[in-house]
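Novice: The following block contains the structure, expressed as structure tokens.
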Amino acid sequence: MTFVFSPHEIPSVEVAGQTARFPVRRIYCVGRNYAAHAREMGRDPDREPPFFFTKPADAVVPNGASVPYPPQTRNLHHEIELVIAIGKGGKDIPLDQAHDHIFGYAVGNDLTRRDLQLAARDKGRPWDTGKAFDHSAPITAIHKAEEVGHPDHGRIWLSVNDEIRQDADLKELIWDVQEVVSILSGLFKLEPGDLIFTGTPAGVGPVKPGDLIEGGIDGLANLSTRIAE
Ligand code: MN
């Protein structure tokens, strides 16, 4: 096969403890998956079915890298999240088989142009400009489930310039890892290389050029991202 220009590089994420990388196919994200965050966004945290949005695969940013402050926003927000990395594809995956499809887990930051997202939301428009921009998905190395297990509890936190902004526990997820995989696989056939950002706890807020964003999940990984000057 030939192409009219060189194909783009396959986006990928480091895998902890080895040199081979995880090739990213798609990035799915769960909206409002912690009750306190749903409330801070002005929404009812009742257990209505989860909803999903996406980011482009090439939005991933490696741990420790700087990201430019994105254009056309005055309100760039951090959202620390547990990320599921799919290793085995499937559709209509039963709850009790969901774990079998998971390669591992990472910590991610669902960077959000909040002003654009809310303007879109309030007009019934898509969220892409608020969520799916370049460099909007900083993420740590993926830790294999065979080494770290399947986290269902543990502190999830984020600080900006050493000030704690988000501090919660994975136990507070409205839809847990198995439910997210099972429900999402009823909407899209999952494939190896898919990432799923599982939603952020309360405490989201703005960052500005020069800020250092650090966050993590106990027992998994820590993520460090600088917003470039
Ligand atoms: Mn999010």
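The values are calculated or read from the model by the stated rules, or taken from the named source; none is laboratory data. Remember, it's a predicted structure, so these values are computed and weren't measured experimentally. Every residue, glycine among them, receives a Cβ derived from its backbone with ideal geometry; neighbour counts consider all protein chains shown. What goes into the accessible areas is simple: the full protein's heavy atoms, side chains included, and nothing from ligands, DNA or RNA. Shrake-Rupley method; radii C 1.70, N 1.55, O 1.52, S 1.80 Å.
Novice: Could you please let me know if D167 is more than 27 Å from P56 (Cβ to Cβ), part of a loop (DSSP other than H, G, I, E, B), touching a Lys or Arg at 6+ places or on another chain (Cβ under 8 Å) and open to solvent by 10 Å² or more (accessible area, probe 1.4 Å)? So that I can check it myself, show each step before the final result.
Specialist: Values: more than 27 Å from P56 (Cβ to Cβ): yes; part of a loop (DSSP other than H, G, I, E, B): no; touching a Lys or Arg at 6+ places or on another chain (Cβ under 8 Å): yes; open to solvent by 10 Å² or more (accessible area, probe 1.4 Å): yes.
Answer is no for this residue.
Novice: Still on this structure, I have one more. Of all the strands (runs of 3 or more DSSP E) wholly in the stretch 1-93, which have at least 2 residues that are more than 12 Å from the ligand (Cβ to nearest atom) and either modelled with pLDDT under 95 or not polar (S, T, N, Q) (or both)?
Specialist: Of the strands (runs of 3 or more DSSP E) lying wholly inside the stretch 1-93, those with at least 2 residues that are more than 12 Å from the ligand (Cβ to nearest atom) and either modelled with pLDDT under 95 or not polar (S, T, N, Q) (or both) span 60-62, 80-86.
Rundown of residues vs (1) more than 22 Å from R39 (Cβ to Cβ); (2) of a type in the set (G, A, S); (3) out of contact with any Ser or Thr (no Cβ under 9 Å at 6 or more places or on another chain), yes/no style:
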| site | (1), (2), (3) |
| --- | --- |
| E146 | yes, no, yes |
| P151 | yes, no, yes |
| I156 | no, no, no |
| D162 | yes, no, yes |
| K171 | no, no, yes |
| W175 | no, no, no |
| D194 | yes, no, yes |
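Novice: Same structure again: Given the conditions (1) charged (D, E, K, R); (2) in contact with a Pro (Cβ under 6 Å, 6 or more places away or on another chain); (3) open to solvent by less than 70 Å² (accessible area, probe 1.4 Å), report the number of the one that R32 does not fulfil.
Specialist: Answer for R32: the failing condition is (2).
Novice: Here are some residues: I217, I227. Which one is within 18 Å of D134 (Cα to Cα) and modelled with pLDDT of 95 or more? Please lay out each step first, then the result.
Specialist: On the way: I217 fails: within 18 Å of D134 (Cα to Cα).
Exactly one residue qualifies, and that residue is I227.
Novice: Can you work out which of the residues in the stretch 1-29 that are among the polar types (S, T, N, Q) and closer than 22 Å to P192 by Cα is most open to solvent (accessible area, probe 1.4 Å)? Don't jump to the end; show me each part of the working.
Specialist: Applying the first criterion (among the polar types (S, T, N, Q)) to the stretch 1-29 yields 2, 6, 12, 18-19.
Now restrict to residues that are closer than 22 Å to P192 by Cα: 12, 18-19.
On the way: S12: 37, Q18: 72, T19: 136 Å².
The residue in question is T19.
Novice: Turning to a different aspect of this structure: Taking G104 as meeting all but one of (1) touching a Gly at 6+ places or on another chain (Cβ under 7 Å); (2) open to solvent by less than 50 Å² (accessible area, probe 1.4 Å); (3) away from the ligand (no atom under 13 Å from the Cβ), write down the number of the exception.
Specialist: It fails just one condition, (1).
Novice: Sticking with this structure for a sec: Looking only at the stretch 129-163, count every residue that is part of a strand (DSSP E or B), touching a residue at least 24 places away in the same chain (Cβ under 8 Å) and open to solvent by 70 Å² or more (accessible area, probe 1.4 Å) and tell me the total.
Specialist: The initial filter retains those residues of the stretch 129-163 that are part of a strand (DSSP E or B), namely 137-139, 142-144, 155-160, 163.
Imposing the further condition that a residue be touching a residue at least 24 places away in the same chain (Cβ under 8 Å) reduces the set to 137-139, 142-144, 155-160.
Applying the additional criterion that residues be open to solvent by 70 Å² or more (accessible area, probe 1.4 Å) yields 155.
Of the residues in that region, 1 qualify.
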